[in-house]
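To start, the structure under review is shown below, and the notes come after it.
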Amino acid sequence: MFNQWWFWSVVSVVLVLTVIVFIIKRIDISRRKQVFLEMKIAERTREIRIQNIQIEKQRRLLEDKKQKLEEQQALLQIEKDKTEKILKNVIPAAMVDELMLTGKVLARSYKMVSVIFTDFVGFTKIAERMSPTELVEKLDVYFRKFDEIIVNNQLEKIKTIGDAYMCAGGAPVENTTNAVDTCVAALQIQEFMRIHKNEGQINNTDFWELRLGINTGEVTAGVIGSERLAFDVWGATVNHAQRMEMLGEPGKVTITGSTFAFIEPFFECVYKGQALSKSKGALEMYTVERIKPMLSFNGQGMIPNQLFHQLFELYQTSAIDYYAAEKEILHFLEQQLSKKLFYHSLNHTMDVVKTTERLALKEGVCDESLLILKAAALLHDAGFIEQYDKNEFIGVRFAAEILPKHGFTNQHIEQVQQLIRVTSFPHKPSNLLEEIICDADLDYLGRDDFHEIADNLRLELRRFEKIGSDRTWDEMQLDFLLKHRYFTKTAIDTRLTKKIRNTEEIKLKLANGEYLD
């Protein structure tokens, strides 16, 4: 028993020691593995740290490169902007992209371009009185203002040659407003010159005067040259604009008939006759006095107002081609009306057309009704071609024959015909349009030129044996004046007072009995 106990005790001790040794070894192995793992982790951490440092260096390097690239791009953009700015000062902005992409700009044909030519009067003598520096400084003052005005009116500067200044509208950016734009710019240029002239006269200093010509038509335009680029326009249109400048009156805006055809509804113009050109025979000449007061800001005739733009939009968008109709009708009347018609003449027709437009705009009519009114005014006395009395039905027939060719619908023509009928006296208008044309037809009764126009009617009536004596004529006039009335507020406000005075003058003449027959 004792031996067995000892044996088991030894065995137990041995087992315990074995377990302890095993555990110690396992702990040691685990510690070694942990130490190894920690070493691996530390090593990996160090590698990652090194990689991060390298990545950060690369990132910083890339950022530096990116920043340098952005700086270079910014510098390039600045240089590009400088180049474009220089190019835009030399050639139109619309052509810069094409030039930078292809290295050239192809010449193009433009159907409707308006060209302005200006030239200082007596520049050679002016140059003799001034030093070169003073001369250039003075020119710079004028040309800088011209530049400002044309930019504000969507025009393109072409060039200056000595004291000559040339610009154009409608090229290289095409538009339908260029004839109007050039005339507005031209009026503003001459107004600037007028102010300088007035200041010179007040201060007893030198002042310059300017001739200015405009023409509208087809041109070829493009960029010429390779060393020194220049935008230019060529063609007869340019030559005719220069011709207008040469023949124009200092301080005035002189235009051709082709420009007048585009701007007539919006400006007050004066016909100046015909001028010979080298290539086109006779050119009609007009001076543009101002924008019609009711179409200009504050009525000053220099800056278009909202009504101007409304009217321009009407002529641009309406299916009615009023001016083609007007051209045909005026030619027809000029050829067919008797020269014995001293009153019911082409001049009377045009006077009624202009008055109709003025009254219509004052009364707020600025839609297609305006074109219908003007067409009726053109034809209201056309019946005199065939017979003298009760001829309105003839004008009605002419309206049906002529107007359909120019965009007037059946409804438009019916309105025109009714407006013609209502001009028979005594007037009995039933709406605003009828009131306008009735007042326009006899507008002269309340004007300063009443006696002059009335005398033309007297001569006409005697030629057609409608009156026998001047006393009979004045009795007829007085009766007519007393029966007549104005209908629109505009006519009443602007014509009634003078009409009453004219009536009193006829009464006085009849009372005095100063007649030879």
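The values are calculated or read from the model by the stated rules, or taken from the named source; none is laboratory data. None of these values were measured; they are calculated from a predicted model. Positions of Cβ are generated from backbone atoms using ideal geometry, with glycine treated the same way; all protein chains shown enter the neighbour counts.
Data overview
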item	result
Leading residue by the ranking (surrounded by the most Cβ atoms within 10 Å (Cβ to Cβ)) among those in the stretch 388-406 that are touching a Leu at 6+ places or on another chain (Cβ under 6 Å) and not aromatic (F, W, Y)	A399
Qualifying positions in the stretch 304-323 - over 15 Å from V353 (Cα atoms), in contact (Cβ under 8 Å) with a residue 24 or more places away in the chain and part of a helix (DSSP H, G or I)	L307, F308, Q310, L311, F312, L314, Y315, Q316
Matching option when the condition is assigned to a helix (DSSP H, G or I), more than 29 Å from E326 (Cβ to Cβ) and either over 35 Å from the mean Cα position of the chain (by Cα) or without any contact (Cβ under 8 Å) to a residue 40 or more places away in the chain (or both), among L478, L459	L478
Test: T490 is under 25 Å from L378 (Cβ atoms), in contact (Cβ under 8 Å) with a residue 24 or more places away in the chain and surrounded by fewer than 20 Cβ atoms within 10 Å (Cβ to Cβ)	yes
Residue that is surrounded by the fewest Cβ atoms within 10 Å (Cβ to Cβ), among those in the stretch 269-303 that are in contact (Cβ under 8 Å) with a residue 12 or more places away in the chain and polar (S, T, N, Q)	S279
Residue match in the stretch 254-268 (condition: of a type in the set (S, T, N, Q), in a strand (DSSP E or B) and crowded, with 22+ Cβ neighbours inside 10 Å)	yes
Test: residue in the stretch 409-431 that is touching a residue at least 60 places away in the same chain (Cβ under 8 Å) and either touching a Leu at 6+ places or on another chain (Cβ under 7 Å) or not hydroxyl-bearing (S, T, Y) (or both)	yes
Single residue of the stretch 495-517 satisfying the filter (surrounded by fewer than 18 Cβ atoms within 10 Å (Cβ to Cβ) and within 45 Å of the chain's Cα centre (by Cα)) that is nearest to D449 (Cα to Cα)	K498
Top-ranked residue in the stretch 417-451 [being of a type in the set (A, V, I, L, M, F, W, C), closer than 26 Å to E504 by Cβ and part of a loop (DSSP other than H, G, I, E, B); ranked as nearest to the chain's Cα centre (by Cα)]	L442
In the stretch 462-475, residue farthest from the chain's Cα centre (by Cα) [restricted to those that are assigned to a helix (DSSP H, G or I) and not hydroxyl-bearing (S, T, Y)]	R471
Filter result for S109 (in contact (Cβ under 8 Å) with a residue 40 or more places away in the chain and in contact with a helix residue (DSSP H, G or I) (Cβ under 6 Å, 6 or more places away or on another chain))	no
In the stretch 157-178, the residues that are crowded, with 16+ Cβ neighbours inside 10 Å, under 13 Å from the mean Cα position of the chain (by Cα) and not in a helix (DSSP H, G or I)	A168, G169, G170, T177
Whichever residue in the stretch 276-314 is of a type in the set (S, T, Y) and touching a strand residue (DSSP E or B) at 6+ places or on another chain (Cβ under 6 Å) and, among such residues, is modelled with the lowest pLDDT	S277
Given (1) in contact with a Phe, Trp or Tyr (Cβ under 9 Å, 6 or more places away or on another chain); (2) closer than 30 Å to V365 by Cβ, index of the condition K509 fails	(2)
